[in-house]
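**Student:** Here it is, the structure in full.
The values are calculated or read from the model by the stated rules, or taken from the named source; none is laboratory data. The shown structure was predicted, so the numbers you read here are calculated from the model rather than taken from an experiment. Virtual Cβ from ideal backbone geometry, glycine too; neighbours counted across all protein chains shown. Only protein heavy atoms, including side chains, enter the accessible area calculation; ligands, DNA and RNA are left aside. Shrake-Rupley method; radii C 1.70, N 1.55, O 1.52, S 1.80 Å.
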Amino acid sequence: MQIHESAEDYLETILRLSKRQGQVRSIDIVNELGYSKPSVSVAMKRLRENGYITMDEEGFITLNPSGEEIAVRIYTRHYLLTQFLRKLGVSEETAAADACKIEHDLSDETFEKITEHALHYMQVEPPDFSR
């Protein structure tokens, strides 16, 4: 599954917002990411056209199964990498920023080994996706 980094970021943001506030609209994404309304609108159109999201008549955005799969994968990477870096002594802000840079490009093998180490030796907890 080949998807652009920016699309992954949008899907991850939709997932985080939906977990935090229930329903998500484009304006929530604008406010969360600090992007312009037209940029978010174009991105939502592309995600819709590619089958990653649906948008109802009131403008509420829902992740489709393919979009949710990508969002969960990216969020999990971001979360675990952030926690891993924090356990190493990196500040919260720097750890989150660096995790965002790393999450898209890290190989599955390397991420698997970091996760294994973080969960078993550093007492990092996996993300909780329950509501």
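**Student:** Identify, please: which residue in segment 99-124 is assigned to a loop (DSSP other than H, G, I, E, B) and over 10 Å from Phe84 (Cα atoms) and is, among those, modelled with the lowest pLDDT? Write out each step before concluding.
**Tutor:** If we filter segment 99-124 for residues that are assigned to a loop (DSSP other than H, G, I, E, B), which is where we start, we get 103-107, 122-124.
Now restrict to residues that are over 10 Å from Phe84 (Cα atoms): 103-107.
Details: Glu103: 88, His104: 84, Asp105: 88, Leu106: 90, Ser107: 92.
Per the criteria, the residue is His104.
**Student:** Determine, yes or no, whether Thr13 is modelled with pLDDT of 95 or more, outside any helix (DSSP H, G or I) and under 17 Å from the mean Cα position of the chain (by Cα). Let's see the steps before the verdict.
**Tutor:** On the way: modelled with pLDDT of 95 or more: yes; outside any helix (DSSP H, G or I): no; under 17 Å from the mean Cα position of the chain (by Cα): yes.
Taking the combined requirement at face value, the residue does not satisfy it.
**Student:** Hey, another quick one. Taking the options Val40, Val124, name whichever one is under 15 Å from Glu12 (Cα atoms) and among the β-branched types (Val, Ile, Thr).
**Tutor:** Values: Val124 fails: under 15 Å from Glu12 (Cα atoms).
Answer to the selection: Val40.
**Student:** How many of the residues making up segment 16-67 are in a loop (DSSP other than H, G, I, E, B) and either touching a Lys or Arg at 6+ places or on another chain (Cβ under 8 Å) or not polar (S, T, N, Q) (or both)?
**Tutor:** 11
**Student:** Suppose the filter is closer than 18 Å to Thr13 by Cα, open to solvent by 30 Å² or more (accessible area, probe 1.4 Å) and either touching a Cys at 6+ places or on another chain (Cβ under 6 Å) or of a type in the set (Lys, Arg) (or both); does Arg48 pass it?
**Tutor:** On the way: closer than 18 Å to Thr13 by Cα: yes; open to solvent by 30 Å² or more (accessible area, probe 1.4 Å): yes; either touching a Cys at 6+ places or on another chain (Cβ under 6 Å) or of a type in the set (Lys, Arg) (or both): yes.
Answer is yes for this residue.
**Student:** Closer than 29 Å to Glu112 by Cα and surrounded by 19 or more Cβ atoms within 10 Å (Cβ to Cβ): does that describe Ile3?
**Tutor:** Values: closer than 29 Å to Glu112 by Cα: yes; surrounded by 19 or more Cβ atoms within 10 Å (Cβ to Cβ): no.
Criteria not met by Ile3.
**Student:** Would you check if Arg77 is free of Cβ contacts under 8 Å to residues at least 12 places away in the same chain and under 18 Å from Pro126 (Cβ atoms)?
**Tutor:** Numbers: free of Cβ contacts under 8 Å to residues at least 12 places away in the same chain: no; under 18 Å from Pro126 (Cβ atoms): yes.
No, not satisfied.
**Student:** With the requirement that a residue be open to solvent by 30 Å² or more (accessible area, probe 1.4 Å), over 16 Å from the mean Cα position of the chain (by Cα) and hydroxyl-bearing (Ser, Thr, Tyr), what does segment 74-129 give you?
**Tutor:** Of everything in segment 74-129, those that are open to solvent by 30 Å² or more (accessible area, probe 1.4 Å), over 16 Å from the mean Cα position of the chain (by Cα) and hydroxyl-bearing (Ser, Thr, Tyr) turn out to be Ser91, Thr94, Ser107, Thr110, Tyr121.
**Student:** Sticking with this one: So for segment 64-73 (the condition being open to solvent by 30 Å² or more (accessible area, probe 1.4 Å), touching a Leu at 6+ places or on another chain (Cβ under 6 Å) and either of a type in the set (Asp, Glu) or touching a residue at least 60 places away in the same chain (Cβ under 8 Å) (or both)), does at least one residue qualify? Reasoning before the result, please.
**Tutor:** The initial filter retains those residues of segment 64-73 that are open to solvent by 30 Å² or more (accessible area, probe 1.4 Å), namely 64-66, 68-69, 72-73.
Of the ones still in play, those that are also touching a Leu at 6+ places or on another chain (Cβ under 6 Å) are none.
The answer is no, given that none of the residues of segment 64-73 is open to solvent by 30 Å² or more (accessible area, probe 1.4 Å), touching a Leu at 6+ places or on another chain (Cβ under 6 Å) and either of a type in the set (Asp, Glu) or touching a residue at least 60 places away in the same chain (Cβ under 8 Å) (or both).
**Student:** Can you go through Tyr52, Tyr35 and tell me which one is of a type in the set (Ser, Thr, Tyr) and in contact (Cβ under 8 Å) with a residue 40 or more places away in the chain?
**Tutor:** Details: Tyr35 fails: in contact (Cβ under 8 Å) with a residue 40 or more places away in the chain.
The match here is Tyr52.
**Student:** Could I ask something else about it? Quick one: how many residues across segment 18-45 are surrounded by fewer than 19 Cβ atoms within 10 Å (Cβ to Cβ) and of a type in the set (A, V, I, L, M, F, W, C)?
**Tutor:** The qualifying residues number 4.
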